[in-house]
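Participant: My structure is below; once you've seen it, I'll send some questions.
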Amino acid sequence: MIEEDLKKYDSFDDCPVRNVLDRIGDKWSILIISLLGECGTLRFNEINHKIGNISQKMLTVTLKTLEADGLLSRKIYPVIPPKVEYTLTPLGESLLPAIHTLTLWAVENMPAVLASREEYRLAVAR
């Protein structure tokens, strides 16, 4: 039964897990979702400042992708200079528990992952 269920996901477009991980598995998306989950509504420059080492272009691209996926909303105020705020949508907020669980797993297991990488590197080098 499981094998039959998995067959319907042979195509990338049909596989929800691969599709979602492809979209949020980049370097910045989970960090931005977590930041908005923790801080609430933020302006572009606030996000940029809190992350610190992301280019404005990459932040713009990532925010647009997250908005397109319905994970955050963007509100533009008609003032000069332009004021734009970003907030998680309910869909984005629903992702926070999964991100939190993944974060806890990573913190707990990173020493073992790093040790395994080192063992592998040494074994391959022989």
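Participant: Counting pairs on different chains as well as pairs 8 or more places apart, how many Lys pairs in the chain have Cα atoms under 27 Å apart?
Facilitator: Close lysine pairs found across the chain: 13.
Participant: Taking θ as phi - 60°, what are the ³J(HN,Hα) couplings along region 97-103 by the Karplus curve (6.51, -1.76, 1.60), each to the nearest whole Hz, with x for Gly and Pro?
Facilitator: Here the 3J(HN,Hα) series is x, 5, 5, 4, 4, 4, 4 Hz.
Participant: Once phi is turned into θ = phi - 60°, what whole-Hz ³J(HN,Hα) does the Karplus curve with 6.51, -1.76 and 1.60 give for every residue of region 73-86, x standing for Gly and Pro?
Facilitator: Values, residue by residue: 10, 10, 10, 9, 9, x, 10, 10, x, x, 10, 10, 10, 10 Hz.
Participant: Then there's this: Place a point 7 Å from Cα of Arg18 in the direction of its Cβ. Which residues in region 49-67 have their backbone N less than 20 Å from it?
Facilitator: So the set is empty, nothing qualifies.
Participant: If you don't mind, there's one more thing I want to ask. Within region 57-73, whose backbone N sits under 17 Å from a point 7 Å along Cα→Cβ of Arg43?
Facilitator: Backbone N within reach: 60.
Participant: If the only charges are +1 at each Lys and Arg Cβ and -1 at each Asp and Glu Cβ, what is the size of the charge dipole of the chain around the Cα centre, to the nearest 20 debye? Could the numbers behind the result be given before it?
Facilitator: On the way: 15 positive and 17 negative charges, 139 e Å.
That gives the chain a dipole magnitude of about 660 debye.
Participant: With an 8 Å cut-off on Cα pairs and a minimum separation of 6 or more residues, tell me the relative contact order of region 34-95 in percent.
Facilitator: Dividing the mean separation by the residue count of region 34-95 yields 38 percent.
Participant: What number, in percent, do you get for the relative contact order of the chain if the mean sequence gap of Cα pairs under 8 Å and at least 6 apart is divided by its residue count?
Facilitator: About 21 percent, as a whole number.
Participant: If I build a Gaussian network model for the chain, linking alpha-carbon pairs within less than 10 angstrom, which residue out of Ile76, Ile32, Ile51 has the largest mean-square fluctuation?
Facilitator: Most flexible of the set in this elastic network: Ile76.
Participant: Now for a separate question. Please work out the ratio of the alpha-carbon Rg of region 2-125 to 2.2 N^0.38 Å and round it to two decimals. Could the numbers behind the result be given before it?
Facilitator: Working: Rg = 18.2 Å, N = 124, 2.2 N^0.38 = 13.7 Å.
Taking N as the residue count of region 2-125, the ratio is 1.32.
Coordinate-derived values only; no laboratory data. This is a predicted model, so every value here is computed, not measured. Please note: Cβ atoms are built from the backbone with ideal geometry, for glycine as well, and neighbour counts cover all protein chains shown.
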